[in-house]
Every structure is written in structure tokens, then in C-alpha cells.
Amino acid sequence: MSVVIAVFLVLLLIGAPVYLSLLLASLAYFAAHPEISSMMIMQKLYGSLDSFVLVAIPLFMFAGNIMNTGGITRRIFGVAKAIVGHKRGGLAYVNIIASFIFAGMSGSALADVGGLGKIEMEAMRNDGYDDQFTVGVTAASATLGPIVPPSIPMVIYGAVASVSVGALFAGGIVPGLTMAALLCLMVHHIAKKTNAPVSDRVSFRELLLAVKESILALLMPLIILGCIWNGNITPTEAAGVAIMYAALVIILFYKGVGIKDVIDATRDAVTSMAPTMLVVIASVVFGWVLQFERMDQKLMDMVLSVSDNKATVLLMINVMLLIFGMFMDATPVIMLLVPMLIPLANAMGINQIHLGVIVVLNLMIGLLTPPIGGTLNILSGVTKKKFEDIVIAVLPWYLPLLLSMLVVTYWEGLVLFVPKLLGFC
């Protein structure tokens, strides 16, 4: 097993794609164990995508692309600006509120940065905001995407842990609000310290107009979540509804968007989906190797040998997730670690919905953490700034994010309040 892990790490360090690193490490294990049937390997490869729940991943990606193409993100930004844009540092608050709303549609941190993030940063720069402030708040607010439902990482966690995706979506609501509130407190502090710009207050009529123009977009997350929680449709079907709703809204009501734009969004979704699905396939095979070696039991024994205190175990889980999140995207980490964490969580009495929110939040912070940092890399590409400059801009924002992580970790009731209210637990 040490050879397999070494192969995986070496491949990652030389820049091989994650899916290829996982797959070649798995093949190295199979080569060392000829008694394992090749037919079993093929079954694992084929069966890895034979999941109705996982179909929701490309569908939510597609929905996010359609919204970016159709100008829905601009309308979300517009209504948020009309509400709080007049405060000192108002566009930074707008950045957080718009990301919170958009999170309820795309379910992806990277979609937030690549779509809404561009609009947010452009507006803040035009209004004279400092570049560090602009980049930092955009990066931090993007972490809301997978916490506020719907959420692609929560779909993956639900499939791996056999937990209700609807319950996980419900569990992300209050933590998402908590994170947004802490980020807003950070904005208040920085805006006051740096004497950030103040925009003019819009009239009540302009506010109503902004709400009117965006109302169809704002209804989308309510429709999706309402249908899921009523038990009318599954999360996968909800993702399909999101696509149809977004396409109809941008073509019939928001005009200016043609069939060609929808086709372009489809092509973009397919090209972004392929790497994710490859990672899923490779992670399932590598995960089977870990299970075959009883790594879940070994991990539990190792953790419990250090401490059997629940608070300490939760801290160790957080540290482990953060370290993995620094080097890998959320999908492979969830696919690999969650099956090993579930027995430990059960032994310590940790609720699996609570664990799911902890996992996703840690991995989103990991996307903002060097040396890899997927969100940091996208921001570097969008802003044309050096990676190191992006890291410096994000540094102050680790404080509210890590504080959010500790609150979510040690206040189980915060996560389970809405699931209990809806009868999930």
C-alpha cells in the first residue's frame, strides 16, 4: 500500500492530472496483486458512474453555464446592489449577497468565481475599490456556493455516504447564513479601516425595478428546493428542472439570448463535466483499493489511539480535510475519504448530515489554500495577477472562514436545525 500511495504522490507532484494519478496508482496495486480478477476491475470502472444521484452533477453544471450565458448573474448582482450598495464598502456586501443568491442556483464555488465573480470584480474596480479587497472578498464569498443549497459536493457526499441529498441541502442553509454574516462583519472592518468607497443610494422605484427584473431568477432556488423537500422530485430531477427553467427564462423573458448561446453553454458544460466524471471513475477504483486494504479500520484505530474525545476527533477530521483540500479538488477527496470517515463518525456519534457539511466547508476552504488552490488559480487567470498576489489578497479572509468552520464543527444544532424542522432527522 505504501508503494501505491508513493506512486500517487509522485504523479501529483510532477503535474499529472488527478484522475490519471489515481488510476495509475490503482493499476500499480492490481499489478502487485494478480489474484484480483481483471473482470472485477472492469466492473468497478463501469459501475462507478452507474448512479442516478451522480447524474445531478453535470446537470447542475449545465444550469450554472446557462445562467452565466443568459445574464441571470448580472440581474442577481443588480438587485443585491440596489439593496446594500449605498453602504460604505457596499459593493463588497453586494459581492457576498450576490454569491449567496447565486449559490442557490449553481452549487459550485468555481462557477461563482468564473461567472458572477467577473461581474463583481469589474464593478468594484470601476467604483475605485482596492484590488486586494476586491479579489479577497470575491474569493471568500465563492466558498458559499457549495454550502448554500443546491450543492454539487453535497450531491457527491450523499451518493458516497448514502445520505439523503435533500437533508444535506437543508443542513447547509443556516451554516451558509452564518458564513455570509461573518464575511459581512469582515467587510465592515476592512471598509472602515480603508475608507472604502460609498455608492449613491437608489430610489425606492429603482429598487422595485431591480427586483422586478430579477424576480424570475430569484424564484429558481425556491422552486428547486421546494420541490425536493416536498418529496415531489429527486435532486437529479431538480437539476433537470433547473436547466429547463433557466433556459425558458433567458430565452422567453430576458431576451437577447438565442439558441446558439444555449448550445455554447451546453458545449462548455460537457467539456467541464468530462474531467469531473474521469475523477469520479478513478476515485471509485482507488477507493476500492483503500477498502480492500481496510484503510477505514486503520484510520479509525489511528485516530482513536490519539484520543477518543469527540471534540478532539472532530478537530483531527478538520485538519485532515484541510490538508487534503490543499492539494486536491473536492470530488476525489470526498470519494476517497468519506467511506473511511463514516465508520469513525458512527463510532463517535457524529451525525452524517453534520459530517457532510463539515467535509464540504473544509474542502471549500482548501480551494482557497496554496499550494494548489483551484479557486486561487481561476482568480489568477481572470485577473491576470500572479498566484502569490492572489494568496496575499485572500489571507485576511481565512479568519472568518476558519471561524465559520469551528462554529459549524462544534455546534451540531446549527447544521441540524432545518433538517429537523423538515423531518429529515
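The values are calculated or read from the model by the stated rules, or taken from the named source; none is laboratory data. The structure presented is a predicted model; accordingly, all values stated were derived computationally and were not measured. Here Cβ is always computed from backbone atoms with ideal geometry, including for glycine, and neighbour counts include all displayed protein chains. Just the protein is used for accessible areas: all its heavy atoms, side chains included, with ligands, DNA and RNA removed. Shrake-Rupley method; radii C 1.70, N 1.55, O 1.52, S 1.80 Å.
Selection of the range 204-222 for residues being out of contact with any Gly (no Cβ under 7 Å at 6 or more places or on another chain) and open to solvent by less than 60 Å² (accessible area, probe 1.4 Å) yields 207, 211, 216, 217, 218, 220. Every condition in (1) open to solvent by less than 50 Å² (accessible area, probe 1.4 Å); (2) over 30 Å from residue 72 (Cα atoms); (3) under 20 Å from the mean Cα position of the chain (by Cα); (4) touching a residue at least 60 places away in the same chain (Cβ under 8 Å) holds for residue 276 except the one numbered (2). Give me the residue from the range 325-334 that is open to solvent by 20 Å² or more (accessible area, probe 1.4 Å) and within 15 Å of the chain's Cα centre (by Cα) and, out of that set, nearest to residue 161 (Cα to Cα). Checked the range 325-334; the qualifying residue nearest to residue 161 (Cα to Cα) is 329.
Taken over the range 180-212, the residue count meeting the criterion of being of a type in the set (A, V, I, L, M) and not in a helix (DSSP H, G or I) is 3.
Among residues that are under 29 Å from residue 82 (Cβ atoms) and either touching a helix residue (DSSP H, G or I) at 6+ places or on another chain (Cβ under 9 Å) or in contact (Cβ under 8 Å) with a residue 24 or more places away in the chain (or both), residue 226 is not included. Number of residues in the range 153-171 that are in contact with a helix residue (DSSP H, G or I) (Cβ under 6 Å, 6 or more places away or on another chain), more than 22 Å from residue 397 (Cβ to Cβ) and open to solvent by 10 Å² or more (accessible area, probe 1.4 Å) equals 5. Close Cβ contacts (under 6 Å, 6 or more residues apart or on different chains) running from residues in the range 243-254 that are surrounded by fewer than 17 Cβ atoms within 10 Å (Cβ to Cβ) to residues that are hydrophobic (A, V, I, L, M, F, W, C) comprise 253/216.
To keep it simple, each residue is scored yes or no on (1) assigned to a helix (DSSP H, G or I); (2) aromatic (Phe, Trp, Tyr); (3) under 23 Å from residue 2 (Cβ atoms).
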position	(1), (2), (3)
276	yes, no, no
280	yes, no, no
290	yes, no, yes
302	yes, no, yes
308	no, no, no
319	yes, no, yes
326	yes, no, yes
333	yes, no, yes
346	yes, no, no
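Only one of the numbered conditions (1) closer than 18 Å to residue 405 by Cα; (2) under 17 Å from the mean Cα position of the chain (by Cα); (3) open to solvent by 30 Å² or more (accessible area, probe 1.4 Å) is violated by residue 351, and that is (2). Candidates in the range 124-151 are the residues that are open to solvent by 20 Å² or more (accessible area, probe 1.4 Å) and under 21 Å from residue 76 (Cα atoms); of these, the one that is nearest to the chain's Cα centre (by Cα) is 125. Of the residues in the range 172-179, none is in a helix (DSSP H, G or I), at pLDDT below 85 and either in contact with a His (Cβ under 8 Å, 6 or more places away or on another chain) or open to solvent by 10 Å² or more (accessible area, probe 1.4 Å) (or both).
Scan the range 175-192 and give yes if some residue there is touching a strand residue (DSSP E or B) at 6+ places or on another chain (Cβ under 8 Å) and not acidic (Asp, Glu), otherwise no. Yes, there is a match, as at least one residue in the range 175-192 is touching a strand residue (DSSP E or B) at 6+ places or on another chain (Cβ under 8 Å) and not acidic (Asp, Glu). Tell me, yes or no, whether the range 185-203 has at least one residue that is of a type in the set (Lys, Arg), closer than 25 Å to residue 243 by Cβ and surrounded by fewer than 15 Cβ atoms within 10 Å (Cβ to Cβ). Looking for residues that are of a type in the set (Lys, Arg), closer than 25 Å to residue 243 by Cβ and surrounded by fewer than 15 Cβ atoms within 10 Å (Cβ to Cβ), one finds none in the range 185-203, hence no. Being under 29 Å from residue 165 (Cα atoms), open to solvent by 50 Å² or more (accessible area, probe 1.4 Å), of a type in the set (Val, Ile, Thr) and modelled with pLDDT of 75 or more is a description that applies to residue 55.
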